[in-house]
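Each remark here refers to the structure printed beneath this line.
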Amino acid sequence: MYLTQETYKLLNDRALLLKGDGAAFKVYYWGFESPLFDNPVHKHSFIEVCYVMDGEGEYIENGIRYPLSQGTHFCSKPGITHQIRTRNGLFLLFVAFELDEADSTANIVESFRSLADNGEVCVFAGDELPTALLWKTLLVRDNTKGNIPAHAIASVAHALLLSFLSLFGKDEPLPTARRDSAILLRQAKLFIRDNLSQPLTLNGIARYLNVSERHLSRMFSTGIGENFTNYVRDERIRKAATLLASGDLPIKEISEAAGFSSVHYFTRVFTQMKEVPPGQYRRKYQASP
């Protein structure tokens, strides 16, 4: 069972100024009405979003009638005349808010302006949508184990308000391909770092990540401006330099830990990169205060 009065007090106490993720909101009020009957024709200077938990009725905006039933979300935009009418009452959740444009990113500002100008008025049969689930998460239940911690209220409320962009408007598209490449590149770099003592090949890591060699090679060149082979070499030298400067492992063991095939090859590459041989590098840095 939901406790509407407790929810009302909690949200109007803890969730009026919401910030994070490039969006800052000023909430004027949260409402939880059961039952709610007809209200007068009116308008707001802010956005008000309502969610029908139960009941039937209609929402009238600029003379257009929209049927209301369980699971319906509707959005009253700034300056638009509207009214709710119902014969038997509605169990209605609602929030009135505006975006703090000065404290929000340009993309978020543009998205909420677009919602206010061109967003959908009603979304039907939305009980399983993320927005509805966020609403229900905020509701206080008589079983305390079903309630989220009080310190999480503001975060969930902020997520709810952001979810209105995808519910009523055109949410900012996620840069999926770029994000996926960044994640894969990070995985590749972590794999290299954690397995430097092993043979590391473009083919082997591409198979580990389930991508083509060509794609992996391109991720390195475009993502960090360095080819795969040079990156692996630089990481091997970096690890060797750390071991030389911080301990007394024999150079042969350091060579193996950094993944070089022989001490001779390690010495040659290290000297080329650091402009001093490994032994001299160790003496120089271990002698430093």
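Please treat every number below as a calculation from the coordinates, not as lab data. Keep in mind the model is a prediction, meaning the values are calculated, not measured. Neighbour counts run over all protein chains shown; Cβ positions are idealised from the backbone, glycine included.
Assorted remarks:
- Across the chain, the relative contact order, built from alpha-carbon pairs under 8 Å that are at least six residues apart, equals 15 percent.
- Across 9/136; 9/77; 239/284; 19/145, pairs whose alpha-carbon gap is larger than 22 Å: 9/77; 19/145
- Residue 215 versus residue 194: modelled label distance in nm, points set 7 Å from Cα along the beta carbon direction: 2.1
- Kirkwood hydrodynamic radius over Cα pairs of the chain, then Stokes diffusion coefficient at 10 °C and 1.306 mPa s, in µm²/s: 67
- The HN-Hα couplings worked out from phi for segment 187-200 by the Karplus form 6.51 cos²θ - 1.76 cosθ + 1.60 (θ = phi - 60°) are 4, 4, 5, 5, 4, 4, 4, 7, 10, 5, 6, 9, x, 10 Hz, whole numbers, x standing for Gly and Pro.
- Centroid-to-centroid separation of segment 1-36 and segment 78-151 [C-alpha atoms, Å]: 10
- Every helix of 4 or more DSSP H residues in the chain counts as -39500 (n - 2.57), and over all residues that averages to -14500 deg cm²/dmol at 222 nm.
- Per-residue 3J(HN,Hα) values for segment 33-40, derived from phi via the Karplus relation 6.51 cos²θ - 1.76 cosθ + 1.60 with θ = phi - 60°, read 10, 8, x, 10, 10, 3, 10, x Hz in sequence order (x marks Gly and Pro).
- Helix 106-118 axis, angle to the chain major axis (alpha carbon atoms, nearest 10°): 30
- Taking only Cα atoms of segment 4-168, radius of gyration then Dmax in Å: 15.2, 45
- Karplus-derived 3J(HN,Hα), 6.51/-1.76/1.60, for each residue of segment 50-64, Hz, glycine and proline x: 10, 10, 8, 7, 6, x, 9, x, 8, 10, 10, 9, 6, x, 9
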